[in-house]
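The next block holds one structure in the form of structure tokens; read it before the comments.
The values are calculated or read from the model by the stated rules, or taken from the named source; none is laboratory data. This is a predicted model, so every value here is computed, not measured. Note that we place each Cβ from the backbone using ideal geometry, even for glycine, and neighbour counts take in every protein chain shown.
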Amino acid sequence: MNAPVEPHQPSQRKKSLQLQLQGVDVQFGPYMALKQIDLNVYAGERVAFVGANGSGKSTLLRVIHGVLPVSSGQVHWQSGVQQSMVFQRPHMLRTSVVNFVALALWLQGVPWRAAKEQAMQALQQVGLQDVAGRNAKTLSGGQQQRLAFARALAVHPQCMLLDEPTSSLDPHAKREVERIMEHWIAENSSTLLFSSHNLGQVKRLASRVIYLEGGRVLADLPTEQFFQQPLEKSHPEAHLFLRGERV
Amino acid sequence: MSSLTDSASAAIDLITQQDPMLWSVVARSLWVSLWATAIASATGICFGAWLAVSRFYGRGVLLTLLNTLLALPSVVVGLVVYLLLSRSGPLGYLGWLFSLKAMVMAQSVLVFPVVAALTRQCVEDADRLHGEQLQSLGAGAGLRSLLLVWDERYVFLTIVITAFGRAISEVGAVMVVGGNIEGFTRVMTTAIALETSKGDLPLALALGLVLLTVVLCLNILVAALKNWCLRLDGATVDPLQKVWV
């Protein structure tokens with residue numbers, strides 16, 4: 001058994017607690033996907049979840065987003081926090097690109113006409129304004145991921161959840177999506193929670209890294225500490241993961 | 001072989017001679033089956049979509065029952081509708097027995113499980129794949145099922161065609177509740193059954209060929225409509241469908 005991991009506390013004490021997970025378990029039949037997850041996320045933090053396939057990263061993000069119920073434990077969001085999620089493989093509805101984004105706004109209570117105007121603005125942010133009238137299903141993989149970002153950005157989230165947003169993209173599309181992410185981070189002081197296998201991306205975008213293995217949090221450290229400090233003794237599993245010896 | 005060729009030539013004669021009796025039977029068949037398909041599709045798609053996204057106690061039993069109803073014998077449906085519509089039955093006051101409305105009702109009952117079961121499977125599969133993303137946008141179960149139905153709408157054309165095929169090809173239910181009255185409730189299948197019992201097999205087969213031709217024309221029409229919509233969407237058209245239309 002691993003020793004309990006001390007949750008990371010940001011140095012900026014003025015930041016408010018935006019999200020708190022207490023003793024979260026998720027069970028799929030006999031399989032425990034998440035085990036006793038305790039997590040505090042403060043406003044403005046950029047948290048990366050890393051770990052091998054099946055470690056529980058996507059499950060944790062889905063639980064945080066509220067689309068997957070917990071088996072036990074609790075997830076508390078600060079009241080009034082608007083959150084959006086971009087999935088690993090975004091599903092495109094059989095409708096136009098602009099309607100696809102407008103639908104997300106309409107579901108939040110924005111009148112349809114205003115929703116379409118705001119959708120166009122969001123499409124401009126990700127450079128898809130020229131294909132606004134095209135069927136969303138006919139876009140390339142990179143364009144579809146950018147469209148998913150546009151839909152997530154359109155609702156002006158205070159917290160963005162990204163589940164391996166670039167894992168299924170070619171290098172060019174990956175760079176485009178990363179540029180959108182970097183731009184969003186630079187322009188906003190919002191919270192970012194994302195999972196990734198790309199450690200370079202984690203280094204560039206995250207301020208805090210959480211290492212998951214077998215559904216448990218085994219390391220929760222500031223990014224510099226995670227990558228620079230020797231972890232053999234303090235977090236041996238994370239050390240092996242970084243060396244590519246943990247699968 | 002000779003009876004088959006006789007039937008084929010008789011079918012061609014029937015079509016080319018534009019026999020008004022034949023065309024009235026064809027029109028009646030289409031009228032009854034199209035209405036039945038429309039009613040069963042409207043209710044079946046809503047029910048199936050709701051069932052796909054709902055979770056409640058006893059859902060498994062309901063699913064098993066629905067799937068069992070796929071094998072519902074048409075004569076049994078006819079009998080049940082007959083009992084409902086008979087003078088002493090609970091719906092006897094409608095006075096529909098031995099009318100086209102009774103035939104529509106019987107075919108609707110027969111086809112409803114087909115539409116509902118296929119819709120349930122289709123929407124549930126789509127929900128498993130994409131439901132979370134729609135839920136993430138704030139769509140509740142009802143809206144999610146509607147969006148998934150809209151998104152999978154071309155699959156529903158196939159479901160509706162399947163339902164129509166089941167409706168127009170059945171004979172038992174319409175025979176029992178319609179009575180096969182010439183010029184009033186006689187449709188293609190009951191006419192075929194009658195000619196077979198009279199021993200006029202070439203005419204029965206010819207009517208069968210006419211029925212198949214009518215269904216083929218409708219299928220081509222629906223496939224063309226589907227392709228046209230897909231082209232409007234800018235989506236890729238299935239090359240196999242291109243061969244046909």
query: Only one residue in B:138, B:178, B:172 is among the small types (Gly, Ala, Ser) and without any contact (Cβ under 8 Å) to a residue 60 or more places away in the chain, so which one is that?
result: B:138
message: Looking only at strands (runs of 3 or more DSSP E) that lie completely in the range A:131-224, which have at least 1 residues being on the phi > 0 side of the Ramachandran plot and assigned by TED's automatic domain parsing to the domain that holds residue A:45?
response: none
message: Can you go through A:126, A:110, A:101 and tell me which one is aliphatic (A, V, I, L, M), within 13 Å of chain B (Cβ to nearest Cβ) and within 21 Å of residue A:179 (Cα to Cα)?
response: A:101
message: Out of A:70, A:75, A:47, I need the residue that is at pLDDT 90 or above, more than 14 Å from every other protein chain (Cβ to nearest Cβ) and farther than 15 Å from residue A:161 by Cβ. Which one?
response: A:70
- request: Identify, by number, the condition in (1) modelled with pLDDT under 90; (2) under 22 Å from residue A:198 (Cα atoms); (3) out of contact with any Pro (no Cβ under 9 Å at 6 or more places or on another chain) that residue A:162 doesn't meet.
  value: (1)
- prompt: residue B:37: at pLDDT 95 or above and assigned to a helix (DSSP H, G or I), yes or no?
  reply: yes
- prompt: What are the pairs, 6+ residues apart or on separate chains, where a residue within the range A:60-81 that is closer than 17 Å to residue A:36 by Cα has its Cβ under 7 Å from a residue that is among the polar types (S, T, N, Q)?
  reply: A:61/A:195; A:68/A:59; A:71/A:27; A:73/A:22; A:74/A:22; A:76/A:20
- prompt: Taking the stated definitions as given, is residue B:150 in contact with a Leu (Cβ under 6 Å, 6 or more places away or on another chain) and farther than 11 Å from residue B:52 by Cα?
  reply: no
field: Listing of helices (runs of 4 or more DSSP H) fully contained in the range B:116-197 that carry 2 or more residues being away from chain A (no Cβ under 14 Å) and surrounded by fewer than 22 Cβ atoms within 10 Å (Cβ to Cβ)
entry: B:153-169
statement: Selection from the range A:23-52 of residues surrounded by fewer than 16 Cβ atoms within 10 Å (Cβ to Cβ) and within 25 Å of residue A:158 (Cα to Cα) yields A:23
